């Protein structure tokens, strides 16, 4: 059984282009990842550069799960800004934008992971 992984994505957004870097790797069980939410809060309060979160769905969905939707809606509402939910599954990499606590995920047209954990996504 593969272990699910998660990372924070920090960087900036210019219009429809999101440019970030994945940082702070966390590992979890097949169905969940515990991560340092305190770090994410501090980072956003101090730098304001949290773009979202990356995680894997080993052998699973290429879309956000129901838990992912609830979690991303809460983070987006808490931070008061749109956030990315980036998912790596067997079929590849996908990214979705969340815009608040009632928003439905909107899939982005393009997302690429480059060396050194650089992420570029385009709406």
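Some points to look at:
- Scan of the range 28-65 for residues that are in a loop (DSSP other than H, G, I, E, B), within 14 Å of the chain's Cα centre (by Cα) and at pLDDT 95 or above, ordered by number: 49
Yes or no, residue by residue, for (1) modelled with pLDDT of 95 or more; (2) under 22 Å from residue 39 (Cβ atoms):
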{"residue": "75", "(1), (2)": "no, yes"}
{"residue": "93", "(1), (2)": "no, no"}
{"residue": "104", "(1), (2)": "no, no"}
{"residue": "111", "(1), (2)": "yes, no"}
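- Flag for residue 96 being surrounded by fewer than 17 Cβ atoms within 10 Å (Cβ to Cβ), in contact with a strand residue (DSSP E or B) (Cβ under 9 Å, 6 or more places away or on another chain) and within 22 Å of residue 43 (Cβ to Cβ): no
The values are calculated or read from the model by the stated rules, or taken from the named source; none is laboratory data. None of these values were measured; they are calculated from a predicted model. With ideal geometry, Cβ positions are generated from the backbone for all residues, glycine too; neighbour counts draw on all protein chains shown.
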